[in-house]
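One structure below.
The values are calculated or read from the model by the stated rules, or taken from the named source; none is laboratory data. As the structure is a prediction and not an experimental result, all values here were calculated from the model. Note that we place each Cβ from the backbone using ideal geometry, even for glycine, and neighbour counts take in every protein chain shown. Note: areas computed on protein heavy atoms with side chains; ligands, DNA, RNA excluded. Shrake-Rupley method; radii C 1.70, N 1.55, O 1.52, S 1.80 Å.
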Amino acid sequence: MRNWNLLLTAALLASMSAAAQQAAQSQPSAQPTAPDATQAAQPAPQQAGPATDQSAPASQATPDATQPAAPPAQAIPLPAATPAPTTMDQVVNLFIEREHGLIKVLANRTPVVETYLQNLTADPQLGPVPSADHYFLGRMDMGETVDRKDYLKEPEQSMQARLLGGFHKLYKVQYQPLGFSWMVYADRTDFDREHYDFRYARREFLGDVRCLVFDVTPKPKSGRGRFLGRIWVEDQGFNIVRLNGTYYPAAHNTFFFHMDSWRLNLIPGYWVPSFIYSEEGDFSAGVKNSMAFKAQTRIWGYDLKKGGKDDELTNIRVDSVTDESTNAQDASPLQAERVWQQQAEDNVVERLTNAGLLAPEGDLDRILQTVVNNLEVTNNIDLPRPVRTRVLLTSPLETFSVGNTIVISRGLIDVLPDEASLAAVLSHELAHIVLGHNLGSKYAFNDRMLFDDDSTYQNLGFKHIPEEETAADKKALDLLKNSPYAQKLDNVGLFLKALQLRAPQLGALLTTHLGNPLAENGQVIRLSGLATQGPALDNNKLDQIAALPLGGRVKINPWNDKAEMVKAAPVAITSARDKMPFEVTPFFPRLARFTAAAAAQAPAPAPTTAAANSGSGN
Ligand SMILES: [Zn+2]
């Protein structure tokens, strides 16, 4: 049993092992992005006629395309078929029309928008490194105009405060357009020939998708804050798949940021805004930066119900709790207590999923559960109910547990260098479960689940008292020392050292929303028993990878929130600057056309970041 488990882990976690990365050449064939030249799902080759009753299987990612009774509110009509263009002028007309079609189709959506920004300062050895960071999480009403002029009105506000929407209460989810999500569209109101000139540049492949590339410039006197830059248009449905540029002209004393905005073909006929990277600053000799930063904006949760109001009633059901007393025995007090706790656990998991904060159960959970299982088996832990794991979709480094469910954030999985480090952060939560530090039972009362999505963080919380934290860390160390990871705790120590080095600058990344933080006031407090373990941190040792950049491990499908491991080919690290621990990097998703099978199973296109190709590759 034990060996089998370890074997499974080894297979599943090939990408988590620094050594295995080198031998991962066969990986690319496993990419879920099989090029499919005969795209029946694409609008272009379709027969003409608006009477196409082919309802999109979009909302729920069910593999069968002929799902008849999808709720009408969720059905997304395919774009009307048009004859293939013969001139570039016709192509321009088509992508303008498609852009307006996308704006209309997404108008009733309120996806989750997350922006994580790192201010930069120059380090002689490492180049630009984070000096401070900022985090924003919100919901965006795609029906609202992103008002760039509004942003220009308040010059007394700090630039970043305005870009983040002027929020100070960062965890209060609000429905309004945000600065960094400007570039979900080139121009929400006036994307047309009256306001813009379009010039064909060339053809280019982005991933599996052949694109026509156009330079877009605002016409003279067409107003402030117009898109200026380049767009990539896929050559079957003529949808924009990437926008790269800025807005122009700016008013006196104001400034527009540069952005690189990517879309994914997550539903038939439409490419959905998914990632936006922004960067400012010049670190060449003699340049003084008034501002330097890198920021990643991720958008997901497109398929969440608007406002979550309809969802709330469904939370009254507790149907996932099965009655296990098959012998028709009465529940003992202890059994009653356990059922009660499971009810609370199920309520919380369902509520967080409905709020767009938790990925639905998936393949990534199997990997996490295998690691937990390794800890359990080698420590002879026998719990009345199995431990489950789920992935929090957000970037801040965070774990917590409710009942027997361990939750770990996407950002934390991203930066962990190896399986032993993953086991270490999971062992702390497993220790809470083993020690019976159960916080969540109050959530068995369903009235406590009846809140709006936008106040999730105000209504749920799983912070332990310091005594329980200390006890869990102590127990976690015991669990690790008995486990298959006992010989690899040096790597955990190294990760904690890397985290300590950056902790004072990364307060936002280390601020937790629901659980206890890994670090407080710039000081790492989690797993302190391992903090001095292992070799000294040494940037010059290129084979010493203490922590990875953000975005290199986990990819999320922005439509259905499913999470899975990134399958990136290894790229050798050639200098200390390639390591980029905990850092923000540009996005470079591998674009692929929609296939129903891929959408049902996992994120169809593989959004990997540049980090996946460099930092995590070793
Ligand atoms: Zn804890």
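Residue selection: ALA295 fails the criterion of being of a type outside the set (Val, Ile, Thr), over 18 Å from the mean Cα position of the chain (by Cα) and closer than 26 Å to PRO549 by Cα.
Listed residues LEU393, LEU358, LEU364, LEU352; which is in contact with a Phe, Trp or Tyr (Cβ under 7 Å, 6 or more places away or on another chain) and closer than 21 Å to ILE299 by Cβ? Spell out the reasoning first.
Details: LEU358 fails: in contact with a Phe, Trp or Tyr (Cβ under 7 Å, 6 or more places away or on another chain); LEU364 fails: in contact with a Phe, Trp or Tyr (Cβ under 7 Å, 6 or more places away or on another chain); LEU352 fails: in contact with a Phe, Trp or Tyr (Cβ under 7 Å, 6 or more places away or on another chain).
Checking each option against the conditions leaves just LEU393.
The lone criterion from (1) modelled with pLDDT of 90 or more; (2) open to solvent by 60 Å² or more (accessible area, probe 1.4 Å) left unmet by ARG448 is number (1).
Restricting the range 474-488 to residues that are out of contact with any helix residue (DSSP H, G or I) (no Cβ under 6 Å at 6 or more places or on another chain) and either open to solvent by less than 40 Å² (accessible area, probe 1.4 Å) or of a type in the set (D, E, K, R) (or both), the residue that is nearest to the ligand (Cβ to nearest atom) is LYS474. Taking every residue in the range 507-521 that is within 15 Å of GLU469 (Cα to Cα) and pairing it with any residue that is hydroxyl-bearing (Ser, Thr, Tyr) and within 12 Å of the ligand (Cβ to nearest atom), at least 6 positions away or on another chain, the pairs with Cβ-Cβ distances below 7 Å are GLY515/THR399. If you go through the range 480-492, how many residues are among the hydrophobic types (A, V, I, L, M, F, W, C) and over 30 Å from the mean Cα position of the chain (by Cα)? Result for the range 480-492: 1. One residue is enough: does the range 345-363 have a residue meeting the conditions surrounded by fewer than 24 Cβ atoms within 10 Å (Cβ to Cβ), over 18 Å from PRO558 (Cα atoms), of a type in the set (S, T, N, Q) and away from the ligand (no atom under 16 Å from the Cβ)? No, the range 345-363 contains no residue that is surrounded by fewer than 24 Cβ atoms within 10 Å (Cβ to Cβ), over 18 Å from PRO558 (Cα atoms), of a type in the set (S, T, N, Q) and away from the ligand (no atom under 16 Å from the Cβ). For the range 222-237, the condition holds for at least one residue, the condition being that it is modelled with pLDDT under 85 and basic (Lys, Arg).
Within the range 441-464, residues that are farther than 27 Å from ASP141 by Cα sit with their Cβ atoms under 6 Å from residues that are open to solvent by less than 30 Å² (accessible area, probe 1.4 Å) and assigned to a helix (DSSP H, G or I), at 6+ positions apart or across chains, in these pairs: SER441/ALA344; TYR443/ALA344; TYR443/ASN347; TYR443/VAL348; ALA444/ALA344.
Within the range 511-525, can you find the residues that are touching a strand residue (DSSP E or B) at 6+ places or on another chain (Cβ under 9 Å) and either open to solvent by 10 Å² or more (accessible area, probe 1.4 Å) or more than 16 Å from the ligand (Cβ to nearest atom) (or both)? Talk me through it step by step, then tell me what you get.
Filtering the range 511-525 for residues touching a strand residue (DSSP E or B) at 6+ places or on another chain (Cβ under 9 Å) gives 511-516, 518, 525.
Result: THR511, THR512, HIS513, ASN516, ILE525.
Any residue at all in the range 489-496 that's away from the ligand (no atom under 16 Å from the Cβ) and part of a loop (DSSP other than H, G, I, E, B)? Among the residues of the range 489-496, not one is away from the ligand (no atom under 16 Å from the Cβ) and part of a loop (DSSP other than H, G, I, E, B), which makes the answer no.
Only residues that are surrounded by 13 or more Cβ atoms within 10 Å (Cβ to Cβ) and not in a strand (DSSP E or B): list them for the range 275-290, please.
Residues of the range 275-290 that are surrounded by 13 or more Cβ atoms within 10 Å (Cβ to Cβ), as a first pass: 275-281, 283, 289.
Once the filter is applied, which keeps residues that are surrounded by 13 or more Cβ atoms within 10 Å (Cβ to Cβ) and not in a strand (DSSP E or B), the range 275-290 yields GLY281, PHE283, ASN289.
In the range 452-472, what residues are outside any helix (DSSP H, G or I), more than 9 Å from the ligand (Cβ to nearest atom) and within 24 Å of the chain's Cα centre (by Cα)? Selection gives ASP452, LEU460, GLY461. Scanning the range 413-435 for residues that are away from the ligand (no atom under 13 Å from the Cβ) and out of contact with any Gly (no Cβ under 6 Å at 6 or more places or on another chain) yields ILE413, VAL415, LEU416, PRO417, ASP418, GLU419, ALA420, SER421, LEU422, ALA423.
With respect to (1) more than 16 Å from the ligand (Cβ to nearest atom); (2) without any contact (Cβ under 8 Å) to a residue 40 or more places away in the chain; (3) outside any loop (DSSP other than H, G, I, E, B), the lone exception for ALA536 is condition (3).
Go through the range 201-220 residue by residue and tally those that are acidic (Asp, Glu) and in a strand (DSSP E or B). Explain how you work it out, then say what you get.
Applying the first criterion (acidic (Asp, Glu)) to the range 201-220 yields 204, 208, 215.
Cutting the leftovers down to in a strand (DSSP E or B) gives us 204, 215.
Here the count works out to 2.
Just to be sure before I move on: is GLN500 at pLDDT 95 or above, under 28 Å from ARG298 (Cβ atoms), part of a helix (DSSP H, G or I) and open to solvent by 10 Å² or more (accessible area, probe 1.4 Å) in the structure I sent? In short, yes.
On the basis of being within 30 Å of PRO360 (Cβ to Cβ) and in contact with a Leu (Cβ under 7 Å, 6 or more places away or on another chain), does PRO268 make the cut? Taking the combined requirement at face value, the residue satisfies it. Pairs meeting the criteria (first residue in the range 277-302 and of a type in the set (D, E, K, R), second residue open to solvent by 30 Å² or more (accessible area, probe 1.4 Å) and not in a loop (DSSP other than H, G, I, E, B), beta carbons under 9 Å, at least 6 apart or on different chains) are LYS294/PRO128; LYS294/GLU279.
Among the residues of the range 387-406, is there at least one that is within 16 Å of the ligand (Cβ to nearest atom) and out of contact with any strand residue (DSSP E or B) (no Cβ under 9 Å at 6 or more places or on another chain)? So far as the range 387-406 goes, yes, one or more of its residues are within 16 Å of the ligand (Cβ to nearest atom) and out of contact with any strand residue (DSSP E or B) (no Cβ under 9 Å at 6 or more places or on another chain).
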